[in-house]
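Asks: Sharing a structure here in structure tokens format.
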Amino acid sequence: MSTLKANALPIIDIAPFLNQDSKDAKLRASTAAALHKACIEYGFFYLDISAYVDPAVPEHLTQLGRQFFALPQEEKDALSLKNQDYARGYARLKENVTNGKADNHEGIDFYKPVENPDKTRPLWGENQWPTVPGFRERYEEWTDKMKALGLIVMEAMAQGLGMTPEEWEDLRKQVDDSFWVMRVIGYPPLPNDEDGFSCGAHKDYGCLTFLYADPTPSALQVFSSRPGAVVLAYPSSVAQVGSEKGVWINADPIPGCVVCNIGEMWEIWTNGLYRSTLHQVVHRGSNYRVSIPFFFEPNFEADVKPLAAALRLQEPEDRKEYRKSVVYGDFLMGKVSNNFAGGKGKYDS
Ligand SMILES: O=C(O)CCC(=O)C(=O)O
Ligand SMILES: [Fe+2]
């Protein structure tokens, strides 16, 4: 398998949506249009958030993550997700399995806290915070920042879809109490002779993923099957996944940006106009890589169904069939109850 060397994904600046100045209306329109195009063509893009966060902040988060992963195994195991609801907590190296293969990573997951936690109920336990000094405080600040970013990007996407203010208000009500997930992942390098994956190919299932990763190059790869031009320009890179032909694009970190991708809920909202895209991690470098995906998800109770604005944009033949609507929390329960009971991993569909 070969990958494209270049970072082919678009870079989109969110700055114009950080204020309401009428002088920035044109810039907002071009950001919204760029988001729309990127979601149709790739389902992935770089979001330039340099006007929104100091780059030192997420860098510090990766250091805190490193301190946690450097602890003795027993100390990390003390926060095992098995102590809780099988979702919140630490999973050892290779504990998670994707597409039948063990992922070469360890990680710790946090979810939106719930009222009346009950660890015997899937997803309803409590977060398990490492005692590394500053870890919880800094990561909670990041959570607040990313939740607010989620709403900002959703508003920009609503504009990109041509939604009326009333339609945006309705959509906003589905995401204003996001059932977010945050994951801190540690990837030792894959041994050279191993044909496994650091994280197997999967789609994210929610709404928007904001991924901050340390500067390690050539780790995250995104499968692009849509733009024929890319495939034609790099014929030697063509890969096949299932029945789809495409290319794996490297999504190396760009300073000041997070990598952003849309999950399956956006496929439902847009009745398939936007696609959530396969991605995987293959880390063969020599360093220990740390990444921090934040999953901005719909509210637990959100009733996710095709949006009128998306249907207006669709070709009549694509509009004939409607995607099945889901209540986000039910959909998520269906996924996580599979996770450990059925030998499926958290990334499996
Ligand atoms: O570590 C990465 O670069 C990607 C992780 C990922 O795709 C996920 O956790 O869903
Ligand atoms: Fe992912």
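Asks: Residues to consider are GLY160, GLY186; find the one that is touching a Cys at 6+ places or on another chain (Cβ under 9 Å) and modelled with pLDDT of 95 or more. Lay out the reasoning, then the answer.
Replies: On the way: GLY186 fails: touching a Cys at 6+ places or on another chain (Cβ under 9 Å).
The conditions single out GLY160.
Asks: Next question, about the same structure. Quick test of your reading of the structure: PHE210 fulfils all but one of (1) within 13 Å of ligand 2 (Cβ to nearest atom); (2) over 17 Å from PRO58 (Cβ atoms); (3) not basic (Lys, Arg). Name the failing condition by number.
Replies: Every condition holds for PHE210 apart from (2).
Asks: Working only within the range 278-307, note down all residues that are out of contact with any helix residue (DSSP H, G or I) (no Cβ under 6 Å at 6 or more places or on another chain), among the aromatic types (Phe, Trp, Tyr) and within 12 Å of ligand 2 (Cβ to nearest atom).
Replies: Within the range 278-307, PHE295 is the sole residue that qualifies.
Okay, residues lined up against (1) loosely packed, with under 12 Cβ neighbours inside 10 Å; (2) modelled with pLDDT under 95; (3) within 16 Å of ligand 1 (Cβ to nearest atom); (4) assigned to a helix (DSSP H, G or I):
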| position | (1), (2), (3), (4) |
| --- | --- |
| PRO298 | no, no, no, no |
| ALA309 | no, no, no, yes |
| LYS320 | yes, yes, no, no |
| VAL336 | no, yes, yes, yes |
| PHE340 | no, yes, no, yes |
| LYS344 | no, yes, yes, no |
| ASP348 | no, yes, yes, no |
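Asks: Can I ask one more? Return the residues of the range 262-288 that are among the hydroxyl-bearing types (Ser, Thr, Tyr) and either surrounded by fewer than 23 Cβ atoms within 10 Å (Cβ to Cβ) or within 14 Å of ligand 1 (Cβ to nearest atom) (or both); say none if nothing qualifies.
Replies: Taking the range 262-288 and keeping what is among the hydroxyl-bearing types (Ser, Thr, Tyr), we get 270, 274, 276-277, 286, 288.
SER276, THR277, SER286, TYR288 - these are the residues of the range 262-288 that are among the hydroxyl-bearing types (Ser, Thr, Tyr) and either surrounded by fewer than 23 Cβ atoms within 10 Å (Cβ to Cβ) or within 14 Å of ligand 1 (Cβ to nearest atom) (or both).
Asks: Identify all residues within the range 142-169 that are touching a residue at least 40 places away in the same chain (Cβ under 8 Å), on the phi < 0 side of the Ramachandran plot and not aliphatic (A, V, I, L, M); write none if there are none. Can you show your working first?
Replies: Of the range 142-169, the ones touching a residue at least 40 places away in the same chain (Cβ under 8 Å) are 142-143, 145-147, 149-150, 152-164, 167.
The next check asks that each one be on the phi < 0 side of the Ramachandran plot; those that pass are 142-143, 145-147, 149-150, 152-161, 163-164, 167.
Residues satisfying the conditions are TRP142, THR143, LYS145, LYS147, GLY150, GLU155, GLN159, GLY160, THR164, GLU167.
Asks: Identify all residues within the range 156-190 that are charged (D, E, K, R) and closer than 30 Å to GLN67 by Cα; write none if there are none. Give the derivation first.
Replies: First pass over the range 156-190, keeping only residues charged (D, E, K, R): 166-167, 169-170, 172-173, 176-177, 183.
Selection gives ARG183 alone.
Asks: Among residues belonging to the range 152-194 that are under 15 Å from the mean Cα position of the chain (by Cα) and not in a loop (DSSP other than H, G, I, E, B), point out the one that is nearest to GLU301 (Cα to Cα). Show your work before the answer.
Replies: Just the residues of the range 152-194 that are under 15 Å from the mean Cα position of the chain (by Cα), to begin with: 153-154, 178-185.
Right, trim to not in a loop (DSSP other than H, G, I, E, B) and you get 153-154, 181-185.
Values: VAL153: 21, MET154: 18, VAL181: 16, MET182: 19, ARG183: 22, VAL184: 26, ILE185: 28 Å.
Only one residue fits best here, namely VAL181.
Asks: Of all residues in the range 44-86, count the ones that are under 27 Å from LEU332 (Cβ atoms) and basic (Lys, Arg).
Replies: Residues meeting the conditions: 2.
Asks: Where in the range 232-287 are there strands (runs of 3 or more DSSP E), lying wholly inside it, with at least 1 residues that are within 27 Å of GLU315 (Cα to Cα) and either modelled with pLDDT under 95 or over 22 Å from the mean Cα position of the chain (by Cα) (or both)? Even if it seems obvious, please write down each step before you answer.
Replies: Numbers: elements: 239-241, 244-250, 257-262, 279-281.
Answer list for the range 232-287: 239-241, 244-250.
The values are calculated or read from the model by the stated rules, or taken from the named source; none is laboratory data. This one's a predicted model, so the numbers in the text were calculated from it and none came from an experiment. Quick reminder, even Gly has a Cβ in these numbers, built from the backbone with ideal geometry, and neighbours come from all protein chains shown.
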